[in-house]
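One structure is given here, and the rest of the page talks about it.
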Amino acid sequence: MHITEPMFLALTALVDEPRHGYGIVQEVDRLSEGRVQLKIGTLYGVLDRLTAEGLVALDREEVQQGRLRRYYRLTDEGAGALQEEAARMAANARTATARLRVRAAGGALMTARASLSGGAA
């Protein structure tokens with residue numbers, strides 16, 4: 001299963017406790033430092049897919065101020081999928097960082113060679 005960034009962040013938002021939709025939106029905003037702002041329509045699409053895949057489950061329903069709130073929780077399968085995706089992303093980030101270091105070192109070396117030879121890098 002391909003886990004999109006909104007899915008990843010929604011799963012992450014549910015790691016510590018069950019949350020209702022608006023609570024997930026707020027937690028994703030906090031986790032991403034405002035970079036990702038889920039719209040309610042997008043969130044419920046994400047939750048439907050995660051529920052269908054068994055990664056989240058309905059925890060409970062409560063009526064507050066005349067409105068039904070559905071709380072979702074992370075399943076063990078969801079925690080495993082989140083852990084695998086986090087490890088994959090971390091490995092990709094390490095690879096990119098290492099290659100950028102090599103590029104920066106090579107770029108500095110090429111600039112030094114060019115100035116020694118009087119040419120452009």
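The values are calculated or read from the model by the stated rules, or taken from the named source; none is laboratory data. Here the structure is a predicted model, which means the values were calculated and not measured. Here the Cβ positions follow ideal geometry from the backbone for every residue, glycine too, while neighbour counts run over all protein chains shown. Ligands, DNA and RNA are stripped out before the accessible areas are found, and what is left, the full protein with its side chains, is counted by its heavy atoms. Shrake-Rupley method; radii C 1.70, N 1.55, O 1.52, S 1.80 Å.
Accessible surface computed residue by residue for the chain, with neighbouring protein chains in place and a 1.4 Å probe, gives 67 Å² per residue. Here is how the number arises for the chain: DSSP H runs of 4 or more residues each give -39500 (n - 2.57), the sum is divided by the residue count, and the result at 222 nm is -21000 deg cm²/dmol. The convex hull built on the alpha-carbon positions of the chain has an orientation-averaged projected area of 10.1 nm². Each of 96, 51, 4 was scored by the projection of its Cα onto the charge dipole of the chain, and the greatest displacement toward the positive side belongs to 96; charges sit on the C-beta of Lys, Arg, Asp and Glu. When a 1.4 Å probe is rolled over the protein heavy atoms, the share of accessible surface on the chain that falls to carbon and sulfur comes to 52 percent.
If you take the square roots of the eigenvalues of the alpha-carbon gyration tensor of the range 26-70 and sort them as a ≥ b ≥ c, do you get rounded (a/c under 1.5), prolate (a/b over b/c) or oblate?
Details: a/c = 2.09, a/b = 1.22, b/c = 1.72.
Oblate, because a/c is 1.5 or more while a/b does not exceed b/c.
Report the paramagnetic label zone for residue 62: residues of the range 1-39 whose backbone N is under 15 Å from a point 7 Å from Cα along the Cα-to-Cβ axis. Hits in the range 1-39 for residue 62 at 15 Å: 17-24.
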